Structures are given as structure tokens and as C-alpha cells.
Amino acid sequence: MPISKDKKKVIIEKVADLLKDSKSVVFFNFKGFSVKSTIEMRRKLRESKVGYLVAKKTLAKRAFDAAKIEGTIPAIFGETALAYSADLVAPAREVLNFQKKFKENVAIVGGIFDGKYMSKEEMMAIALIPSQQTLYAQFVNVINSPIQGLVMALDAIAKKKTA
């Protein structure tokens, strides 16, 4: 069923608004996705403060062209959705989690990262970046490791002298 011109304008405006408010947008295909899986994905994305929008590719491309994003848009094909957020890494990471869970149904196609188009491979690399909390924990572990080694060595020396 065709979409009216008024509804098309609303969709283009919606995509344009999400481009203004988001630092990262992931384009992904979803084919043969069940309603139950879609509801689960929307819930998980919402918990991670990631938005989800399905729009016709031609309408989304019009909004992208109007936003004047740097680079070349990746090839978008099939049933495509957009995951977006003010967080740079969260949309890609969350979509990658669903891609792992539903291998044949979800696939990252590309995206927009900090105002530039990114290819599928670049978005996959971004998706593999750990969360900020994980990075903090790794940093603390790196700082703590030499200190812990020193304490263990001093403890061993103290035990040796008392024995």
C-alpha cells in the first residue's frame, strides 16, 4: 500500500530529527524476524537507551542527503532499520548482539558515526569496542597489577624474614 505524501514528509522529518540528536546510527537488515524477536530487540535497545526506527530506504536516503553527511553512503538493501543513540558505540554494540543471536535474520549493513558514513566492516569494528564501564575496569586492573605484584613481593619478603 503506497504511503501518502504527508506521511512521507513526517517520516523524512523523523529521520532528520534523529540524525540531529544522534552521534551514531547503525543501518541493519532484518529479514524473517518474528514479532516476538522484534519485541525483544526493541526492549533491549530501549534499556540501552538506543532508539529503533524502520523507514523506507528512499525516504531515509532523502533525509541523509539533506543532512549532508560526509563520505559515501553504504549500499542499503532489503528490509532496513535504523538504531540510533547519542552514545557513539551503543547502537552498533546492541545490534551486533542481536546479529550474533539471530545470525540469519539480522545483519549490520553500515552506518553513520560522528557525522561520517561508515561501511559494514567499520561499524563491526566499532561494535566490538567494549562499554565505557568495561574500559574503566580494564584501566583500573592495568594500574592495580604492578601495585599488587609489589605488595605480594613485600609480603613474601616479610614472611621469609620472620621465619
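The values are calculated or read from the model by the stated rules, or taken from the named source; none is laboratory data. For clarity, every value in this text was computed on a predicted model and none was experimentally measured. Note: ideal-geometry Cβ built from the backbone for every residue, glycine included; neighbour counts use all protein chains shown.
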Have a look at Ser24, Ser34, Ser48 and point out the one that is surrounded by fewer than 12 Cβ atoms within 10 Å (Cβ to Cβ), out of contact with any Lys or Arg (no Cβ under 7 Å at 6 or more places or on another chain) and polar (S, T, N, Q). Ser34
Within the range 113-134, identify whether any single residue is at positive phi and not charged (D, E, K, R), and answer yes or no. yes
Which of the residues belonging to the range 85-139 are assigned to a helix (DSSP H, G or I) and of a type in the set (A, V, I, L, M)? Ala90, Ala92, Val95, Leu96, Met123, Met124, Ala125, Ile126, Ala127, Leu135, Ala137
Do we have any residue at all in the range 51-61 that's touching a residue at least 24 places away in the same chain (Cβ under 8 Å), among the β-branched types (Val, Ile, Thr) and in the same structural domain as Lys20 (by TED's automatic domain parsing)? yes
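Here's the yes/no breakdown for (1) in contact with a Pro (Cβ under 7 Å, 6 or more places away or on another chain); (2) exposed (fewer than 12 other Cβ atoms within 10 Å of the Cβ); (3) among the hydroxyl-bearing types (Ser, Thr, Tyr); (4) farther than 18 Å from Leu45 by Cβ:
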{"site": "Thr72", "(1), (2), (3), (4)": "no, yes, yes, yes"}
{"site": "Ala81", "(1), (2), (3), (4)": "no, no, no, no"}
{"site": "Val89", "(1), (2), (3), (4)": "no, no, no, no"}
{"site": "Gln99", "(1), (2), (3), (4)": "no, no, no, no"}
{"site": "Asp114", "(1), (2), (3), (4)": "no, yes, no, yes"}
{"site": "Met118", "(1), (2), (3), (4)": "no, no, no, yes"}
{"site": "Glu122", "(1), (2), (3), (4)": "no, no, no, yes"}
Can you find a residue that is modelled with pLDDT of 85 or more, aromatic (Phe, Trp, Tyr), under 16 Å from Asn29 (Cβ atoms) and assigned by TED's automatic domain parsing to the domain that holds Ala75 anywhere in the range 106-121? no
Check Leu150 against each of (1) at pLDDT 85 or above; (2) over 16 Å from the mean Cα position of the chain (by Cα) and name the one condition it does not meet. (1)
Val15 passes all but one of the listed conditions (1) of a type outside the set (Gly, Ala, Ser); (2) assigned to a helix (DSSP H, G or I); (3) farther than 20 Å from Met123 by Cα; the exception is number (3)
Quick check on this structure: which one of Val25, Val10 is part of a strand (DSSP E or B), of a type in the set (A, V, I, L, M, F, W, C) and either within 19 Å of the chain's Cα centre (by Cα) or more than 19 Å from Lys103 (Cα to Cα) (or both)? Val25
Take the range 48-84 and flag every residue that is among the hydrophobic types (A, V, I, L, M, F, W, C), closer than 18 Å to Lys23 by Cα and part of a helix (DSSP H, G or I). Ala60, Ala63, Phe64, Ala66, Ala67
